[in-house]
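Quick notes on the structure that follows.
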Amino acid sequence: EGLVPILIRLLGNEMSNVREQAAWALGNIAGDGQKYRNLLLREGILMPLLDTLRDVLRIPVSLVRVSTWVLSNLLRYKEYKMTPEERTVCVTIINSLLTFPD
C-alpha cells in the first residue's frame, strides 16, 4: 500500500515513459479485484489519471492505450460514487477517447 501514492504521483511526471510505467503498474493493481481498485480510488488515482488523458492528441498513443485500460479497470465496479467534478471530467475524457483515431 505504501507504493500506491508514489505511483499515483508519477502519473504527473513530465516524462511520458515514466507516466506509462506508473499507469501500467496501477492498472495491474486495479485489475486484481474490487478491493484493490477501491484502494486506488481512496488514494486519489482518478483525477491524476484523467489529467493524463486530458489531451490525448499530445501524448504518445501507448500512454493513451495504457491509461484508457486503467480507467476501464477503475470503472468496472459500480459502487464508487464520483464527485460531480470527477463525473464531468470523466465524461469529457471518455468522449474524447470515442473520437480518438487509434
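The values are calculated or read from the model by the stated rules, or taken from the named source; none is laboratory data. Predicted, not measured: the structure shown is a model, and the values here were computed from it. Glycine gets a Cβ as well: all are built from the backbone with ideal geometry, and neighbour counts include every protein chain shown. For the accessible areas, the whole protein counts, side chains as well, though only heavy atoms, and no ligand, DNA or RNA atoms are used. Shrake-Rupley method; radii C 1.70, N 1.55, O 1.52, S 1.80 Å.
Below are the figures for this structure:
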item: Solvent-accessible surface (1.4 angstrom probe) belonging to TRP24, in square angstrom, nearest 10; result: 130
item: Accessible-area value, ASP32, 1.4 Å probe, nucleic acids and ligands omitted, Å²; result: 110
item: Solvent exposure, largest accessible area first (probe 1.4 Å, DNA, RNA and ligands not counted), of MET15, MET82; result: MET15, MET82
item: Inter-label distance, nm, simple model (7 Å from Cα along the C-beta direction), LEU57/LYS81; result: 3.8
item: ILE94 accessible area, 1.4 Å probe, all protein chains in place, Å² to nearest 10; result: 60
item: Option label - Kirkwood radius over Cα pairs in Å computed here, alternatives (1) 15.8; (2) 13.5; (3) 14.7; result: (2)
item: Rel. contact order, % - alpha carbon contacts under 8 angstrom, at least six apart, the chain; result: 30
item: Summed residue charge, Cβ within 14 Å of PRO60's Cβ, Lys/Arg positive, Asp/Glu negative; result: -1
item: Inter-probe distance in nm under a simple model that places probes 7 Å from Cα toward Cβ, at LEU3 and SER72; result: 2.4
